[in-house]
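A short write-up of the structure that comes next.
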Amino acid sequence: MTAPLKGIRVLDLTNVLAGPFCTHQLAHLGADVIKVEVPGSGDLARQLGMDEGLSAEGMGISFLAPNPGKRSATVNLKTEAGRDVLMRLAGTCDVLVENFRPGVMGRLGLGPETLRAAHPRLIYCAISGFGQDGPLKDRPAYDQIVQGMSGAMAITGDAESAPLRAGWPVADTVGGLTAAMAICAALNAPERGAFIDVSMLDSLLATMGWAVSNLLIGGVAPVPAGNENLTSAPSAAYRCADGLLNIAANKQEQWEALADHLGLHDLKADPRFATRPDRRANRDALNAAIEGALMTRPAADWEKELNALGIPAGRILSVEEALAHPQVAQRDQMATYELPNGRAIRALKTGVKIDGAAPSVTTPPPELGAHTGEVLAEAGFSPAEIARLRDAGAI
């Protein structure tokens, strides 16, 4: 398998999700990711998740998902010796990623100016809720806060249910992906040494596409539309005999083929539905007619038949159904790891294939501090130095 980042070493000072999700991508692309954690407690995500037994062991599910393939070293950055350790480790790395609030690393004497002065080729990536400048830079930020402040929640749901948060931490994951993209670009720069400032708010806004550009360019404010596609009709979620089916008949020929297949031939001649704008303006009447036909049979049958006619359609699945789908199995995006306690777990990879193979890692999420000794030894620390650092509580 191609590992584009083989030979790249990443110092990962991140916690919970946005930062770990960034370095999750880098690890699967071949980077050696060294996760630096607080001695005794580590990443907060080690205590989070829906399995209390794993959380009690410091291997919470929230930690397991984005941390396979990494190594864990514990360093106490509140001690002078611990800060010296990090400075030396940074000299062995190509990238440092942190998601502290702006200014925290500077107060420790480990800010980007200090680290990059000592190691000019080091790429320093800071991920935060609102970025390194601006009036909100010092505010704490969690995913839901960012979803709300971006406007995303205001346009999620329908007129009755909005605002709604997305069902997964989209601001964290989009922020992490944005950081990973920028790091990969910086690694390819003619001269290394960039300072990357990633704001979760900026990152989420950048993905909102038409919702933002319709306002900025067209002067049309976005509104919550539920399962409707405001740019086209028929394009929505429709009730069938046993569940919901998404249909996106966005092209004229798709609409006409849908009407024919559902036995709604007369609708093609109805002036209310002649053009895309007409169908948008009369979507309620159109949807009622379509749903009346769909309710006669199961969603799976309609899904198969409509796609065969070139009409995009897909059942609305539960997460469990999606993971069990043959398409997901065929794409090899699920990995199995054995934890140190002998328990086997499954986790998702990164959603990409390179040269026909899904990038993967071979080691499970690390126990807290499991690799401290070997990481320091690789950085040139002698056994005696490592012992003294342990005795001093610096590692």
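The values are calculated or read from the model by the stated rules, or taken from the named source; none is laboratory data. Treat the numbers as computed from the prediction; the structure is a model and nothing was measured. A quick note on method: Cβ atoms are made from the backbone with ideal geometry, for glycine too, and the neighbour counts reach across all protein chains shown.
Just checking, which of Leu89, Leu122 is closer than 17 Å to Gly193 by Cα, surrounded by 21 or more Cβ atoms within 10 Å (Cβ to Cβ) and over 27 Å from the mean Cα position of the chain (by Cα)?
On the way: Leu122 fails: over 27 Å from the mean Cα position of the chain (by Cα).
It is Leu89.
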Subset of segment 351-382 [buried (at least 19 other Cβ atoms within 10 Å of the Cβ) and within 23 Å of the chain's Cα centre (by Cα)]: Pro359, Val361, Pro364, Pro365, Pro366
From the options Ala186, Ala154, residue that is surrounded by 15 or more Cβ atoms within 10 Å (Cβ to Cβ) and farther than 30 Å from Val75 by Cα: Ala154
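Here is a yes/no grid of residues against (1) among the charged types (D, E, K, R); (2) under 33 Å from the mean Cα position of the chain (by Cα); (3) surrounded by 18 or more Cβ atoms within 10 Å (Cβ to Cβ):
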residue: Ser213; (1), (2), (3): no, yes, no
residue: Val220; (1), (2), (3): no, yes, no
residue: Gly226; (1), (2), (3): no, yes, no
residue: Ala233; (1), (2), (3): no, yes, yes
residue: Cys240; (1), (2), (3): no, yes, yes
residue: Lys251; (1), (2), (3): yes, yes, no
residue: Ala259; (1), (2), (3): no, no, yes
residue: Asp266; (1), (2), (3): yes, no, no
residue: Ala274; (1), (2), (3): no, no, no
When only residues in segment 283-300 that are of a type outside the set (A, V, I, L, M) and either in contact (Cβ under 8 Å) with a residue 40 or more places away in the chain or outside the structural domain of Pro271 (by TED's automatic domain parsing) (or both) count, which is farthest from Asp270 (Cα to Cα)? Pro298
When residues of segment 286-337 are limited to those that are among the acidic types (Asp, Glu) and surrounded by 11 or more Cβ atoms within 10 Å (Cβ to Cβ), the one nearest to Asp260 (Cα to Cα): Glu305
Return yes or no: is Ile247 β-branched (Val, Ile, Thr) and crowded, with 16+ Cβ neighbours inside 10 Å? yes
For Pro340: the one exception among (1) surrounded by 14 or more Cβ atoms within 10 Å (Cβ to Cβ); (2) part of a loop (DSSP other than H, G, I, E, B): (1)
Here's a check for you: in segment 138-151, which residue that is surrounded by 14 or more Cβ atoms within 10 Å (Cβ to Cβ) and in a loop (DSSP other than H, G, I, E, B) is modelled with the lowest pLDDT? Ala141
What number of residues within segment 101-137 satisfy the criterion of being more than 18 Å from Ala171 (Cβ to Cβ) and either outside any strand (DSSP E or B) or without any contact (Cβ under 8 Å) to a residue 12 or more places away in the chain (or both)? 22
